[in-house]
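Q: The structure is given below, and queries will be raised subsequently.
The values are calculated or read from the model by the stated rules, or taken from the named source; none is laboratory data. Model, not experiment: these values are computed from the prediction. Every residue, glycine as well, gets a Cβ built from its backbone with ideal geometry; the counts of neighbours run over all protein chains shown. Side chains are part of the model used for accessible areas, which takes the heavy atoms of the whole protein and leaves out ligands, DNA and RNA. Shrake-Rupley method; radii C 1.70, N 1.55, O 1.52, S 1.80 Å.
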Amino acid sequence: MIVLGIESSCDECAVALVQDGKTVLSSVIDSQIEHHKPYNGVVPELASRLHVEAVASVYREARERAPGVDFDAVAVTNRPGLVGSLLVGLSFAKALAFAAQKPLVGVDHILAHLYASQLETEVGYPHIGLLVSGGHTLLALVRGFDDMEVLGTTIDDAVGEAFDKVAKYYGLGYPGGKAIDDRAKGGDPDAFRFPQSRLDKGSHPFDVSYSGLKTAVINQKERFLRPGAVPSLENLCASFQKAAIDLLVRKLKAIVKETGISRVVAGGGVAANSYLRESLSAQQGWEVFYPSLALCTDNAAMIAGWAYHSLVRGDRAGWDLNAESRVPRFKRKYP
Ligand code: KG4
Ligand code: ZN
């Protein structure tokens, strides 16, 4: 079965053709980064307008890169994301499925990020999923492609958001994650001893928080400078990155200990972070998976790949399929 996937939940307009949930026949990603750069963040209305302009040509290019290949179904991200952006991909997908008389399926962007590794390797279930992106930070028990139990989440900022905000404050450009990762390479990760949130006690011991770390890095950095250390930007980036990522690794260790599951799968834009990848790979006794860099950030191959399993199960969306900005179970309001 060949699924045509469409992704437009944020600032990437993407179309892919994937066979049997596994083989990527073509994958085209049109990034809007250059357009949003002057604003240091995604401007939702601009994103929607750029999707409207791009979606047909991205579709055409994805078809051209897989000559002679027809599709059996259309899959589209319909949640969570920027509603204006989602609606563009969703409407295009509906028109395509309607005209071709092929089934349509709506895909959850979060579950698709956690599926991305499956496009490159066989990852067994159950596993512990670490979904780290600009909008979400989730630590989850993943029992199947569509069966995810949230064990921990952020109570405030997502980890990618913290990277983006710190980068914005220090003028490192947008998006911030890659910029900080690059700057950190020449820095001393122990120059600043930034605080990590605890939240280890209580009803949600695997939850994380990034607002305190963000405030420390932006407003109080002098307080955390190790005596004698140099307060350079490289050192600041390396120390912030270490604090942000070590927190996730500490929570993962606690989850692995509690569940006895040591197969860990990362996904989402922050899974591209070099220090995160090194830290996960260094864990003794863990089986660690993360997608190649192009499959960490937003793409349509993960959408089409995930949808294959949904279609095989018999799922079909109605023509009334709508966009949803949030998926409530992926956010937790702290009591
Ligand atoms: O998954 P994604 O492309 O979009 C969302 O669904 O949010 O993730 C984007 C996020 C941004 O916050 C970006 O700064 C972050 O991923 N990111 C990184 C790196 N590359 C991208 N964060 C840390 N290190 C990186 N190398
Ligand atoms: Zn994403």
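Q: Anything in segment 51-79 that is touching a helix residue (DSSP H, G or I) at 6+ places or on another chain (Cβ under 6 Å) and either basic (Lys, Arg) or open to solvent by less than 60 Å² (accessible area, probe 1.4 Å) (or both)? List them, or say none.
A: Pass one, segment 51-79, residues touching a helix residue (DSSP H, G or I) at 6+ places or on another chain (Cβ under 6 Å): 51-52, 55, 73-78.
Result: His51, Val55, Ala73, Val74, Ala75, Val76, Thr77, Asn78.
Q: Let me ask another. Could you check segment 76-129 and list, in sequence order, the residues that are within 16 Å of the chain's Cα centre (by Cα) and basic (Lys, Arg)?
A: Arg79
Q: If I ask for residues that are modelled with pLDDT under 95 and over 20 Å from the mean Cα position of the chain (by Cα), which ones from segment 1-52 would you list?
A: Pro38, Tyr39
Q: Only one of these is surrounded by fewer than 21 Cβ atoms within 10 Å (Cβ to Cβ), touching a helix residue (DSSP H, G or I) at 6+ places or on another chain (Cβ under 9 Å), at pLDDT 95 or above and of a type outside the set (Gly, Ala, Ser): Val123, Val142, Val132. Name it.
A: Val123
Q: Then there's this: Identify all residues within segment 153-177 that are of a type in the set (Val, Ile, Thr), out of contact with any helix residue (DSSP H, G or I) (no Cβ under 8 Å at 6 or more places or on another chain) and either within 10 Å of ligand 1 (Cβ to nearest atom) or not in a strand (DSSP E or B) (or both); write none if there are none. Steps first, please.
A: Of segment 153-177, the ones of a type in the set (Val, Ile, Thr) are 153-155, 159, 166.
From the residues that got through so far, the ones that are out of contact with any helix residue (DSSP H, G or I) (no Cβ under 8 Å at 6 or more places or on another chain) too are 154-155.
Once the filter is applied, which keeps residues that are of a type in the set (Val, Ile, Thr), out of contact with any helix residue (DSSP H, G or I) (no Cβ under 8 Å at 6 or more places or on another chain) and either within 10 Å of ligand 1 (Cβ to nearest atom) or not in a strand (DSSP E or B) (or both), segment 153-177 yields only Ile155.
Q: Also: Assuming Ser281 fulfils every condition listed in (1) more than 14 Å from ligand 2 (Cβ to nearest atom); (2) out of contact with any strand residue (DSSP E or B) (no Cβ under 7 Å at 6 or more places or on another chain) apart from one, which condition is it?
A: Of the numbered conditions (1) more than 14 Å from ligand 2 (Cβ to nearest atom); (2) out of contact with any strand residue (DSSP E or B) (no Cβ under 7 Å at 6 or more places or on another chain), the odd one out for Ser281 is (2).
Q: List the number of the failed condition for Val150; all other conditions in (1) outside any helix (DSSP H, G or I); (2) more than 15 Å from ligand 1 (Cβ to nearest atom); (3) more than 17 Å from Leu130 (Cα to Cα) hold.
A: (3)
Q: Within segment 251-288, how many residues are within 11 Å of ligand 1 (Cβ to nearest atom), in contact (Cβ under 8 Å) with a residue 40 or more places away in the chain and open to solvent by 20 Å² or more (accessible area, probe 1.4 Å)?
A: Result for segment 251-288: 4.
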